[in-house]
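Inspection log for the structure reproduced underneath, given as structure tokens.
The values are calculated or read from the model by the stated rules, or taken from the named source; none is laboratory data. The structure displayed is predicted, hence computed values, not measured ones. Using ideal geometry, Cβ is built from the backbone for each residue, glycine included, and neighbour counts are taken over all protein chains shown. SASA here: full protein model, heavy atoms, side chains in, ligands and nucleic acids out. Shrake-Rupley method; radii C 1.70, N 1.55, O 1.52, S 1.80 Å.
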Amino acid sequence: MAVATTRLTRTELRQRSTRLRLREVAYELMSRQGVDATTIQQITDAADVGFGTFYNYASSKEALAQDVLDCMIHNVGERNDLITQELREVDAVRIVANSVRFVIREMTTNPVYRWWVARLDLLVDRMRIGFAPFGLRDIDRAVAAGQYVLIDANKELAWSQLCWLMAAGGRDILEGLHRPEDERNIVEGILRVMGVEAVAAHAATITEPPTAPHLPIDFSFEVGH
């Protein structure tokens, strides 16, 4: 039996197009000059959208920045999966190690993430939600393989701790508390906190992960859909 699809009205299509354009432009401007330096006026001018129309799609610049961040996080998760496929990696701990290293690098090189790193509690909330489909899946794999030892088998607690550790590691590099080359040691430490034996945690991080494949950001992405 064929599944009925709902066709969008002309108004809905126009609204969808405007929402995507605002997010795309916001990302381009915020990536180039940072979130603080980007104004709503700049966004609406570049998107060819009326200033007042902006508030039909976001309550503030910060709210739009969150929408953009959610799309970026989803993109990082998808690119992480592409890395795993490219390497034909099957070891659950190595998969997590590569993923965490990639996330930290994104955090320390993209100005949009840098703005959020200064608001660590908010960043962790978005990471915990946005990366959850990828992260919880990888935790399940590592537990099933006997490579993670979780307290009370509580994977939600482990996932929350992992997000905090990733975000804190990226922040410490940005703040100059650790060097960029300390990234490997940070990830090894995270794995050990997750219950991975020291030798296995070290082995999972000694190989330099490949550059992540390019994948356009899907600015239509919505958390929970």
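Rundown of residues vs (1) part of a helix (DSSP H, G or I); (2) within 19 Å of ALA212 (Cα to Cα); (3) of a type in the set (S, T, N, Q), yes/no style:
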| position | (1), (2), (3) |
| --- | --- |
| LEU122 | yes, no, no |
| GLN161 | yes, no, yes |
| TRP164 | yes, no, no |
| HIS178 | no, no, no |
Out of (1) under 27 Å from VAL124 (Cβ atoms); (2) at pLDDT 95 or above; (3) surrounded by 18 or more Cβ atoms within 10 Å (Cβ to Cβ), the odd one out for VAL35 is which? (2)
Can you tell which of ASP172, ASP121, ASP138 is surrounded by 18 or more Cβ atoms within 10 Å (Cβ to Cβ) and acidic (Asp, Glu)? ASP138
Those residues of the range 141-152 which are open to solvent by 20 Å² or more (accessible area, probe 1.4 Å), of a type in the set (A, V, I, L, M) and assigned to a helix (DSSP H, G or I) amount to VAL143, ALA144, ILE151
Just one listed residue, out of ALA4, ALA26, is small (Gly, Ala, Ser), at pLDDT below 95 and at negative phi, and it is ALA4
Check whether at least one residue in the range 77-87 is free of Cβ contacts under 8 Å to residues at least 12 places away in the same chain and under 25 Å from ALA132 (Cβ atoms), and report yes or no. yes
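From the list GLU78, GLU106, GLU89, which one is open to solvent by 10 Å² or more (accessible area, probe 1.4 Å), closer than 23 Å to VAL193 by Cα and in a helix (DSSP H, G or I)?
When all the criteria are applied, what remains is GLU106.
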Enumeration of residues in the range 38-54 that are surrounded by 15 or more Cβ atoms within 10 Å (Cβ to Cβ) and closer than 22 Å to PRO216 by Cβ: THR38, ILE43, ALA46, ALA47, VAL49
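Is it fair to say ARG16 is in a loop (DSSP other than H, G, I, E, B), more than 21 Å from the chain's Cα centre (by Cα) and of a type outside the set (Gly, Ala, Ser)?
No.
Looking only at residues in the range 124-135 that are of a type in the set (A, V, I, L, M, F, W, C) and in a helix (DSSP H, G or I), which one is surrounded by the most Cβ atoms within 10 Å (Cβ to Cβ)? I'd like the intermediate steps shown before the answer.
Looking only at the range 124-135, we keep the residues that are of a type in the set (A, V, I, L, M, F, W, C), and these are 124, 127, 129, 131-132, 134.
Restricting the remaining residues to those that are in a helix (DSSP H, G or I) gives 124, 127, 129, 132, 134.
Working: VAL124: 18, MET127: 25, ILE129: 14, ALA132: 16, PHE134: 19.
Within the range 124-135, the match that is surrounded by the most Cβ atoms within 10 Å (Cβ to Cβ) is MET127.
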Considering only residues that are open to solvent by 90 Å² or more (accessible area, probe 1.4 Å) and polar (S, T, N, Q), which ones fall in the range 3-32? THR5, THR6
